[in-house]
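In what follows, a structure is listed as structure tokens, so that the remarks can point back to it.
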Amino acid sequence: MTRTWKALQPYTLAAPQTLVFLLFLVFPILMILIVSFWDFNGYAMTPAFTLQNYIDIFTSQVSLKTYLNTFKYVFLVWFFCLAIAFPVSYFLAFHIKSQKWQIILFLLCTVPFWTSNIIRMISWVPFLGKEGLVNQLLMNLNLVQEPVQWLLFSDFAVVLGMVHLYNFFMIGPIFNSLMRIDRNLITAAEDMGASGFQVLKEVILPLASSGIAIGSIFVVTLVMGEFVTVRLMGGGQSASVGKLIATQIGSLQYPLAAANAVILLIVTLILVVGILRVVDIRKEL
């Protein structure tokens, strides 16, 4: 009896986590998959098995353009987040010698998270609007004769808002990777005559690649499902798969929304697996 209990004890300890995993992750995804094959006749859905929802998605020019627009957002937000996060993380890790100030400045990067996403988005409206501070400055400097229209309610505003929201998800992992780098490696490279650029290219970037990969996974997965920022900052002029799904749910097209959710999940998993194939992040975990 005692031997049997010892054999079952690991499974007993893992049972609560397994139940939570199945109940709140596997089961909802399974239900979305099942509903994606149901039929929708325009005003009600009925349990069935039909591929029409997926056919409609892959044959619709609107859906394909929406997916391409989402990929555009993913690439641009990832690129600008990386372009901002790496210099900031590098500065904190290598140019701030005091650990106290490193912590203070790192926590300063979290200030935008002290309020809600919607408030952060709305705060851009008086800054980028036709009568906003940017347009007033440009007109006062005689750089433009009339307000610039594309600063707000455009793809530019959507990308700017997402970079503002998710930049810290790139800063955190990269900063953590840079702090783990043995400074003796950098000293050794400099003693052997390596220039600053060579140290960055041959030592720092390879050792920070796992942090860049983790940050990229965070940013990619968040942007792929984003719809609030697209709606607020796009002003109805921009589209994403997340916004498309939200619109379909609002019009009670649950099977079509579920099919889009399944495709979005598959595409996101492919992107994440692709990142993991390029960079081994196990040493960072």
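Assorted remarks:
- Taking the charge dipole of the chain about its Cα centre, with +1 at Lys and Arg Cβ atoms and -1 at Asp and Glu Cβ atoms, the residue from 102, 246, 119 reaching farthest to the positive side is 102.
- Normalised by the number of residues in the chain, the mean separation of alpha-carbon contacts (under 8 Å, six or more apart) gives a relative contact order of 26 percent.
- Cβ-derived FRET efficiency at R0 30 Å, residue 127 paired with residue 103, nearest 0.05: 0.50
- Low-density loop cleavage sites - chymotrypsin sites (Phe, Trp or Tyr not before Pro) in segment 1-101, where at most 15 other Cβ are within 10 Å (DSSP): 43, 49
- Quarter of Cα convex hull surface for the chain, i.e. mean projection, nm²: 24.2 nm²
- Length gained on full extension, residue 41 to residue 140: 30.0 nm, using 0.36 nm per residue less the C-alpha separation.
- Fraction of C-alpha pairs exceeding 23 angstrom in segment 102-190: 48 percent, rounded to a whole number.
- Note on residue 4 and residue 51: their simple-model spin labels are 4.9 nm apart, each label 7 Å out from Cα toward Cβ.
- The chain: most fluctuating residue of 77, 111, 35 per GNM, C-alpha cutoff 10 Å: 111
- 3J(HN,Hα) along segment 175-188: 4, 4, 5, 5, 5, 7, 5, 5, 5, 5, 5, 5, 4, 5 Hz, from the Karplus curve 6.51 cos²θ - 1.76 cosθ + 1.60 with θ = phi - 60°, whole Hz, x for Gly and Pro.
- Whole-Hz couplings from phi, Karplus 6.51/-1.76/1.60, listed for segment 28-45; x for Gly and Pro: x, 5, 5, 5, 4, 4, 5, 5, 5, 9, 6, 9, 10, 9, x, 9, 7, 10
- Near residue 39, the amide H atoms lying under 5 Å from its own belong to 46, 48; only residues 5 or more places off or on other chains count, and H is placed 1.01 Å from N.
- What you get for the chain, charging only the Cβ of Lys and Arg (+1) and of Asp and Glu (-1), is a dipole of about 620 debye around the Cα centre.
- Remark: the residue 202-residue 180 segment gains 6.3 nm on full extension, using 0.36 nm per residue and subtracting the alpha carbon distance.
- Applying 1/(1 + (r/R0)^6) with R0 = 22 Å to the Cβ-Cβ distance of residue 27 and residue 265 gives a FRET efficiency near 0.90.
- If you run the Gaussian network model on the chain, springs between alpha carbon atoms under 10 Å, then out of 135, 69, 184 the most flexible one is 184.
- Note on the chain: with a GNM built from Cα contacts shorter than 10 Å, the maximum mean-square fluctuation among 236, 132, 42 falls on 42.
Every read-out reported here was derived from the displayed coordinates using simple, explicitly stated rules and does not represent laboratory data. Here the structure is a predicted model, which means the values were calculated and not measured. As a convention, Cβ positions derive from the backbone with ideal geometry for all residues, glycine included, and neighbour counts pool all protein chains shown.
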